[in-house]
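Working notes, structure below.
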Amino acid sequence: MSVPDGPDLPLIPEVVENIAKSQLFYVFIVATAALYFYDHSVTLSAEIDLVWRSKWGVGKVLFLTVRYIQWPELLVLLYYGFFNSSPPDCYLLYASTTYSLLVGVTIAHVILVLRTWALWDTSRQILIFLSVLLCAITAADCYLVAVHLRTMTFFSISEVDPRAAQFYDNNFCFGITHNKILSIVWGFVAAFELVIFVMTAIKGVGHFHQRRSSLVSSIYRDSMLCFITIFGISAANVVIGYTNPGYDLVLGP
């Protein structure tokens with residue numbers, strides 16, 4: 001039996017499926033960029049009045065870093081989403097966005113530490129405990145991410161399915177790894193956020209028994225909403241990273 005080649009070579013279903021997923025992924029990227037533009041446009045005047053015109057301090061630096069660190073990542077993703085990508089470029093893209101995400105999560109956790117420390121009446125013991133815990137988790141996450149990146153292997157679509165490369169006329173990258181390290185990373189993130197939530201809830205009960213000012217109520221309400229959001233995202237990443245067997249990643253336009 002002869003093996004079909006040239007125009008008779010069938011498309012590999014898994015390749016077509018992953019390319020379709022990549023298109024959906026970039027739709028989300030564009031939608032995310034649009035939401036960021038909208039958010040910045042409607043809050044820019046308040047940001048200028050309340051943040052940029054205030055005195056510089058740790059809180060201001062952390063806020064601005066978290067607020068603007070996503071822009072380089074989004075621009076890189078958009079660039080690679082509309083232009084062809086080679087495997088080395090795909091690895092650089094994946095590594096840079098992964099570390100950028102890790103930096104953003106860490107800075108957000110620093111803000112949570114400072115807020116929790118303030119809620120606990122600037123207790124030195126609380127600050128030391130949370131700082132040590134955050135440093136330990138961040139160090140572990142950095143190590144795990146480095147190990148994960150070393151296991152990533154990228155292939156161009158022409159190496160996997162030449163017919164698909166001609167059909168789509170694009171230079172997609174397939175990234176493959178055979179470990180579930182990222183689920184552990186997100187597990188550490190979720191665990192730290194759970195600690196912050198428990199400590200906030202413990203102190204919140206005492207505050208509500210003593211007084212119910214609108215400011216205190218707003219702080220705890222926003223804290224609960226923030227926890228539900230970021231913990232839900234972290235937990236979802238744990239589940240996805242653990243249940244996805246092959247982790248077929250597609251990068252490209």
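The values are calculated or read from the model by the stated rules, or taken from the named source; none is laboratory data. Everything quoted here is computed from the prediction, not taken from an experiment. Don't worry about glycine lacking a Cβ; one is built from the backbone with ideal geometry, like all the others, and counts go over all protein chains shown.
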Study note, to complete from the structure: Listed by range, helices (runs of 4 or more DSSP H) wholly within the range 135-218 having at least 2 residues that are under 19 Å from Val105 (Cα atoms) and modelled with pLDDT of 70 or more are 181-210
Review point. Out of curiosity, is Ser54 more than 21 Å from Thr153 (Cα to Cα) and either at pLDDT below 70 or not in a helix (DSSP H, G or I) (or both)?
Key: yes
Review point. All but one of (1) closer than 22 Å to Ile230 by Cα; (2) touching a helix residue (DSSP H, G or I) at 6+ places or on another chain (Cβ under 7 Å); (3) surrounded by 14 or more Cβ atoms within 10 Å (Cβ to Cβ) hold for Arg115; which doesn't?
Key: (2)
**Study point:** Selection from the range 40-57 of residues that are among the polar types (S, T, N, Q) and closer than 18 Å to Ile69 by Cβ
**Key:** Thr43
Exercise for review: Among the residues of the range 127-145, write down those that are surrounded by 13 or more Cβ atoms within 10 Å (Cβ to Cβ) and hydrophobic (A, V, I, L, M, F, W, C).
Suggested key: Leu127, Phe129, Leu130, Leu133, Leu134, Ile137, Ala140, Cys142, Leu144, Val145
Review point. Can we say Val16 is modelled with pLDDT of 85 or more, among the hydrophobic types (A, V, I, L, M, F, W, C) and in a helix (DSSP H, G or I)?
Key: no
